[in-house]
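Throughout, read-outs are computed from the coordinates displayed, never taken from laboratory work. Predicted model, so just to flag it, every value in this text is computed and none were measured. Don't worry about glycine lacking a Cβ; one is built from the backbone with ideal geometry, like all the others, and counts go over all protein chains shown.
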Amino acid sequence: MEDTKKQLETIKRGAVEIISEHALVEKLKKGKPLIIKAGFDPTAPDIHLGHTVLLRKLRHFQDLGHKVIFLIGDATALVGDPSGQSSTRKTMTWDEVDKNAITYEKQVSKILNTEDSKMFERRHNSEWFSRHGHTEKEFPPFTFEQFVELAQRYTVARLLERDDFQKRLKENKPISFLELFYPLMQGYDSVRIAKLFGSCDVEIGGTDQKFNMLVGRDLQQSYVQEPQVVITMPLLVGTDGAAKMSKSYGNHIGINEPASEIYGKTMSIPDDVMSLYYELLTDVPLDEIEAMKKGIKDGTVHPKEAKSRLGMMLVEMYHSKEEAVKSRDNFERLFKEKKIPNEIQDLPYPESKLKDGKIWLPEALKTGALAGTNSEAIRLIKQGGVKIDGKKVTVTEVDAVDGMIIQVGKRNFVKFRIKK
């Protein structure tokens, strides 16, 4: 395990706030592996680069010899985190939460060391809040008596201090009791983690989670536990350069997206957020990032070159070096040379699906993963976002031609092979 000074330098990279740094230093000085907690509510099916800001910080802790508790907030996802919300979230079902949780578990292994039990353990907070999917004797159902005990440890006045609630009260917008209970649930997670592992030394979350994580500190002290250190990380700005990265805003880059999408979307980010992406999403030394910023400012470094390097690094992280090179070359061919990419996925399309030698285009877009639903496909066609062999198409039924290239947007291509 590295000395305290070097550990602190790694931990502080990109962090907004540490509460408190002194307490963290004291914990590190003990020379023992710390228990690092981070909770993720599976409210959407895919992990995007915004999530990886926290995941990469967890990996930093693993590399320093500490143990990460990856807590899937399946129970809290049912309640809905009020952080940053101007209205009550739509309630989710167990089926929705479970499906999303499965994708989270698969995707985090791209960043975290999930194989070594000394470095990683996955838990679900439904283990103590619900019997859903769990039969362990150590987790009896959360009783009404426990609910009462937890509720009496915090006041409504304290909960209403949070900015999100204050804003909604001023605007006469409703706040549900479930939302008031959410911070207590997240805080109680830290109490249970400490009971399971002997301590819960550090909790990491976005800046929007600061209130919830501080509630965890208060509850730990109430249960006579050593309070956790809270580390807040910035919310990554999306590809629009304005709002935080979110699937609902359509400004996200998913780590499971095709390599060409990751590269292409990275090339679209505004120049002024590029250095933040480098700092939070890569391990490029900070002095090198500063030199790049200076080079862009004085004209010795072209922003597109810096962006291309970033795009290739991200594709290599979540796909491969080979895919990174292909993505760059295809992007250059498509946008610089105005040509179709060299490599396009061949997609067999059964002749039996044809009707009078024609393809119903919305179904073809769905089959080629160019649209998620028929309605989305029809919308894309009507808006002029679909081309066949380079020509815009505005009808839903087209002649079936073997080898036809269907394009959606600027970067998505599929070559259809009509099979007997």
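Quick notes on this one:
- The stretch 146-269: relative contact order as a whole-number percent, Cα under 8 Å and 6+ apart: 17 percent
- Placing dummy labels 7 Å off each Cα toward the beta-carbon, the span from residue 156 to residue 171 is 2.2 nm.
- Along the axis of the charge dipole computed for the stretch 120-260 (Cβ charges of +1 for Lys and Arg, -1 for Asp and Glu, origin at the Cα centre), the listed residues 230, 249, 147 are led at the positive end by 249.
- Its relative contact order, with pairs defined as Cα atoms under 8 Å and 6+ residues apart, puts the chain at 14 percent.
- Taking the DSSP bridge list for the chain and keeping only pairs wholly inside it, about 45 percent are antiparallel.
- Radius ratio Rg over Rh of the stretch 257-336, counting only Cα atoms, Kirkwood formula for Rh: 0.96
- Gain on full extension, evaluated as 0.36 nm per residue between residue 248 and residue 363 minus their Cα-Cα distance, stands at 39.0 nm.
- Taking the Cα centre of the chain as origin and assigning +1 to Lys and Arg Cβ atoms and -1 to Asp and Glu Cβ atoms, the resulting dipole is close to 880 debye.
- Set against the labelled values (i) 75, 23, 16; (ii) 43, 28, 20; (iii) 69, 24, 19, semi-axes √(5λ) of the Cα gyration tensor in Å computed from this structure falls on (ii).
- Taking only the Cα atoms of the stretch 345-419, the ratio Rg/Rh comes out at 0.91, with Rh defined as the Kirkwood radius.
- As a rough guide to protection, the peptides 364-373, 294-303, 112-121 ranked by mean Cβ packing within 10 Å, highest first, stand as 364-373, 112-121, 294-303.
- Potential lengthening of the chain between residue 22 and residue 419 amounts to 136.2 nm, from the contour at 0.36 nm per residue minus the alpha-carbon distance.
- Estimated dipole of the stretch 196-293 in Debye, rounded to 20 [Cβ of Lys and Arg +1, of Asp and Glu -1, Cα centre]: 380 debye
- Partners of residue 355 within straight-line reach, counting aspartates and glutamates whose Cα lies under 14 Å from its Cα and excluding those fewer than 8 residues away in the same chain: 363, 397, 399.
- In nm, spacing of pseudo-spin labels at residue 117 and residue 304 (7 Å Cα→C-beta vector): 5.3 nm
- Cross-link pairs beyond the 30 Å C-alpha cut-off, checked among 265/366; 265/391; 118/307; 293/392; 67/173: 118/307; 293/392; 67/173
- In whole percents, the pair-distance distribution calculated for the stretch 208-315 from its alpha-carbon pairs, binned every 10 Å from zero, is 13, 35, 25, 16, 9, 1.
- For residue 102 and residue 13, the difference between the fully extended length at 0.36 nm per residue and the C-alpha to C-alpha distance is 29.0 nm.
- Spatial separation of Cα centroids for the stretch 229-265 and the stretch 348-409, in angstrom: 29 Å
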